[in-house]
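Student: One structure, as structure tokens, below. Some questions next.
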Amino acid sequence: MRLAVLASGTGSIYKAITDAGVDVAAVLVDRDCPAIDIAHENDLQAVLVERADFGTKFDRDQYSHDVVTALRHEDIDVVAMAGFGTILGDPFFDAYEGRVLNTHPSLLPSFPGWHAVRDALQHGARITGCTVHVATLEVDAGPILAQAAVEIRDDDDEASLHERIKLVERDLYPNTIKKFLAELETTT
Ligand code: GRF
């Protein structure tokens, strides 16, 4: 099974995946971001499918199609989203249905969306966490594979809480990916 990681942010989750010994065949990014350098350190050339348009005219289907073309070019079977900043559309989920994983910084179904950490704080939640799930067309709604709780402290701000959640994600996500790949190997 050839795994690709999709990233846009600091790449710390991607780094945790490779550091845990998961074989990453390709890294795909939608913008210039530190994940490119981490890929380089792992002897990989990150594939840039640049998202040039962040406005209302963004052609999500065309972009998703371009991502699929790039992944096919790398012979990718399974995709792990690791802080990828673009919501992908039908062409992507048609191509990789049931084979896309994501980690989200809340205990889904609570606090889906881009501001999960901020929303948990604003709601006065005392416990949040992270969720690894199968990603589907509906954002943050796919089948849950694993979750871990993180306590919210009185002095937390968005950055401190997100970093403590990421500490947990960096362990839970690679382990869940390993199990998912192992199960896929035995069933295909
Ligand atoms: C993680 O918290 C992940 O759940 C979310 O984006 C963050 C990525 O972190 N989807 P990083 O950019 O890899 O540090």
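The values are calculated or read from the model by the stated rules, or taken from the named source; none is laboratory data. On a predicted model such as this, the values are computed, not experimentally measured, just so you know. As a convention, Cβ positions derive from the backbone with ideal geometry for all residues, glycine included, and neighbour counts pool all protein chains shown. Ligands, DNA and RNA are excluded from the accessible area calculation, which covers all protein heavy atoms including side chains. Shrake-Rupley method; radii C 1.70, N 1.55, O 1.52, S 1.80 Å.
Student: By the gyration tensor of its Cα atoms, with a ≥ b ≥ c the square roots of the eigenvalues, what is the shape of segment 1-101: rounded for a/c under 1.5, prolate for a/b over b/c, or oblate? Intermediate values should be presented prior to the final figure.
Tutor: Details: a/c = 1.92, a/b = 1.32, b/c = 1.46.
It is oblate, given that a/c is not under 1.5 and a/b is not larger than b/c.
Student: Suppose every Lys and Arg Cβ carries +1 and every Asp and Glu Cβ carries -1, with no other charges. What dipole size does segment 1-112 come out with about its Cα centre, to the nearest 20 debye?
Tutor: Working: 8 positive and 18 negative charges, 58 e Å.
The dipole of segment 1-112 has a size of about 280 debye.
Student: Further question on the same structure: Restricted to Cα positions, what overall size does segment 110-168 have along the principal axes? Three whole-Å values, descending.
Tutor: 35, 19, 16
Student: Return the single residue from V79, V67, V139 with maximal mean-square fluctuation; model: Gaussian network over the chain, springs between Cα atoms under 10 Å.
Tutor: Answer for the Gaussian network model of the chain: V139.
Student: Can you tell me which of 20-27, 47-54, 2-9 comes out highest on packing, and rank the rest after it, using the mean Cβ neighbours within 10 Å? Before the final figure, lay out the partial values.
Tutor: Details: 20-27: 16.4, 47-54: 13.8, 2-9: 22.6.
Output ranking for 20-27, 47-54, 2-9: 2-9, 20-27, 47-54.
Student: Considering only lysines 8 or more places apart in sequence, or on different chains, count the pairs in the chain whose C-alpha atoms sit under 25 Å apart.
Tutor: On the way: K15/K166; K15/K178; K15/K179; K166/K178; K166/K179.
Within the chain, the lysine pair count is 5.
Student: Right, here's the next one. Heavy atoms only, probe 1.4 Å: what % of the accessible area of segment 1-94 goes to carbon and sulfur, would you let me know?
Tutor: On the way: 2060 of 4530 Å².
Ligands and nucleic acids excluded, carbon and sulfur reach 46 percent.
Student: Over segment 39-118, average the accessible area per residue using a 1.4 Å probe and give it in Å², no decimals.
Tutor: Values: 4300 Å² over 80 residues.
I get 54 Å² per residue for this part.
Student: If N is the number of residues in the chain, what value comes out of its Cα radius of gyration divided by 2.2 N^0.38 Å? List each step's numbers first, then the result.
Tutor: On the way: Rg = 16.0 Å, N = 188, 2.2 N^0.38 = 16.1 Å.
Working it through for the chain, the quotient is 1.00.
Student: Restricting to Cα pairs below 8 Å that are 6+ residues apart, what does the relative contact order work out to for segment 1-149? Please round to a whole percent. Please list the in-between numbers first.
Tutor: Numbers: 277 pairs, mean separation 31.1, N = 149.
About 21 percent, as a whole number.
Student: Would you mind putting 30-36, 157-163 in packing order, based on average other-beta-carbon counts within 10 Å, highest first?
Tutor: Numbers: 30-36: 18.1, 157-163: 14.1.
So the peptides 30-36, 157-163, ranked by packing, come out 30-36, 157-163.
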